[in-house]
Every structure is written in structure tokens, then in C-alpha cells.
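Notes follow the structure.
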Amino acid sequence: MRVVSLNVGLPREIEWHGRTVRTSIFKTPVDRRLRVTTLNLEGDQQSDLSVHGGVAKAVYAYPSEHYEYWRRELPQADLPWGVFGENLTTEGLLEEDVGIGDRLRVGSAEFVVTQPRMPCFKLGIRFGRPDILKRFLHSGRTGFYFAVVLEGEVGAGDSIELIAPADGGLTVADVVNLYTVDAENQALLRRATQSSTLPESWRDYFRKRLWDPDV
């Protein structure tokens, strides 16, 4: 497992459907090592902290393996590393294998997996097509967010080491499936609500779907 590309970007203003939108969806690969802190990477900044960023969404990772799928789905699109707004383009980490709460070492930093990425309209801005939101979510190829548990430096080419697997067996794909296609799975819903790492907003959302939340 390794980092294929390290990508950062600062906020910019874009004209979109007659209004000005501030977004940091445009990320560019960098060829040097960057400092990672509890809130973001050096040279990176989130635009709307009400929905992006924060401790539980400090760094966004997206599997490089998904790019081939999107090249087939969007043959006319230009797809450089970072096009999905990810900070880390990874190899060897897929949603069905990555656990919520997995602790990983990358370079001299350590991360914990917190949640999948739910796309907002700004992904549509990046691709110039609003339908990418639904296609992205229902593909299951969402990538995942990291919280930073040990600040350090990371760079393209760094290995990714699993140093402490999560308890409970709840994967990123499980959370996405509960949100999209498996909403009535009571056993999985209960596991999600009992996760100590999944953010409270997610746990509360799934708790409301339990038939008997007090059991």
C-alpha cells in the first residue's frame, strides 16, 4: 500500500449557474513532502467548514484503482490525480477492505479512518456535470476521510502501513451501502451506531433507522 500522489489546493471562486461559489475542489499534485496537521495538509485549505474539513475530515484519500473505472464511464473527461478533490491518491486501499477506525501510518504521520466521502455539488463543478454526484455515490467508489492522530510529514511514494485494525468490522463500504442500497439492514445499522470512530452525525442518522434503537 502506498501514496501514488499528494494533492493540495487553496480556495478559489468559480462562477456556477449565475452565482459565485467558493471551492477547494481543485487539487494539484505536488512533488515535495508536506506537513500534515490535525486540520489539513500544508498548502491545502477547505472552503466551507460547515460541510468540509474539521478534525474528522482533515485529509481525504481516494483509491487510484478507481480511475480506470471513471475513464470508462467518462471517456471524454480529463482525469489527473487529485481530480476528485483527494489529498492522497492511494494504492492498495479499497472501501470494502478499509475499516472505520483503522489506524494507518503514512510517512511520519498517523491517521485513523473516520467515514466515507459524501459528494456535494462542488464535485459537479469540478467535472462540469451535476450528474456526477449520483454516479459517484452509487458507484460505491467514494474514498474516505482521515483524522490525524499524529502530525508529521507525508509525500508521494510513501508506504501506507496498517498499524492497528479497527474493532467491530465496519468498513467504509458498509457505511456507503447503508446510505444507498441496504438501508434496512438492522444488524449492520446497529454496528454502525455502536462505532466509536464514526462521527456522531452518522451514528445519529443510522440510529433513526433502527426498529428498536434501545435494544
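The values are calculated or read from the model by the stated rules, or taken from the named source; none is laboratory data. Predicted, not measured: the structure shown is a model, and the values here were computed from it. Note that we place each Cβ from the backbone using ideal geometry, even for glycine, and neighbour counts take in every protein chain shown.
Structure summary
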{"item": "Complete set of residues in region 74-96 that are farther than 18 Å from residue 23 by Cβ, surrounded by 13 or more Cβ atoms within 10 Å (Cβ to Cβ) and charged (D, E, K, R)", "result": "91, 95"}
{"item": "Residue 175, sole failed condition from (1) part of a strand (DSSP E or B); (2) of a type in the set (Val, Ile, Thr); (3) within 24 Å of residue 82 (Cβ to Cβ)", "result": "(1)"}
{"item": "Residue check for residue 83: among the aliphatic types (A, V, I, L, M) and within 20 Å of residue 123 (Cβ to Cβ)", "result": "yes"}
{"item": "Pairs, first modelled with pLDDT of 90 or more and among the hydroxyl-bearing types (Ser, Thr, Tyr) in region 176-205, second part of a helix (DSSP H, G or I) and loosely packed, with under 14 Cβ neighbours inside 10 Å, C-beta under 7 Å, six or more apart", "result": "180/138"}
{"item": "Meets criteria (at pLDDT 95 or above, assigned to a loop (DSSP other than H, G, I, E, B) and among the basic types (Lys, Arg)) for residue 141", "result": "yes"}
{"item": "Members of region 186-201 found to be of a type in the set (A, V, I, L, M, F, W, C) and in contact with a Ser or Thr (Cβ under 8 Å, 6 or more places away or on another chain), listed by number", "result": "198"}
{"item": "Condition check for residue 79: more than 30 Å from residue 210 (Cα to Cα), in contact with a helix residue (DSSP H, G or I) (Cβ under 7 Å, 6 or more places away or on another chain) and assigned to a loop (DSSP other than H, G, I, E, B)", "result": "yes"}
